[in-house]
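Engineer: Would you mind keeping the following structure in view while I ask a few things?
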Amino acid sequence: MSRKVCIKWWYIAIFIVLLLVILSPLASTFPDGLEKVAEDGGFIDKAHQPVISVIPDYVLPGPANNAVATVLAGLIGAALLFGIGFGLAYLLRTRRNET
């Protein structure tokens, strides 16, 4: 894959992620399947809280507006994942012999 095609692919990926993050406040507020089963089965109260919760319930603490807090949490999460992905790709890339 040429470098030019690779760069265009990343622009498209970043655009899609940003679009999904901006639309994330429109997601359903109903519980997911596992949470729904736990509620229906009556054992939701037996769930343990996570040891570390950086951004609980995908809402950044602080902003008064829940939609803004959700978008900010999504941006932070996406930036972290892209950073980790690029970092791993940089560390694991194969070096080409220049001869």
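Just so you know, all these numbers are worked out from the coordinates, no wet-lab data involved. Owing to the predicted nature of the structure, the values given are computational and were not obtained by experimental measurement. Neighbour counts run over all protein chains shown; Cβ positions are idealised from the backbone, glycine included.
Engineer: In degrees, nearest 10, range 0 to 90: what is the angle between the Cα axis of helix 3-23 and the longest Cα principal axis of the chain?
Structural biologist: Taking the Cα atoms of the chain, the angle to 3-23 is about 20 degrees.
Engineer: To the nearest 20 debye, what charge dipole does the chain have about its Cα centre, counting +1 at the Cβ of each Lys and Arg and -1 at the Cβ of each Asp and Glu?
Structural biologist: Rounded to the nearest 20 debye, it is 920 debye.
Engineer: Given labels modelled 7 Å from the Cα in the Cβ direction, how far is it in nm from Phe43 to Leu88?
Structural biologist: Spacing of the two 7 Å Cα→Cβ label points: 3.2 nm.
Engineer: Another question about this same structure. Starting at 0 and stepping by 10 Å, how many percent of the alpha carbon pairs of the chain end up in each bin?
Structural biologist: 12, 28, 30, 18, 8, 3, 0
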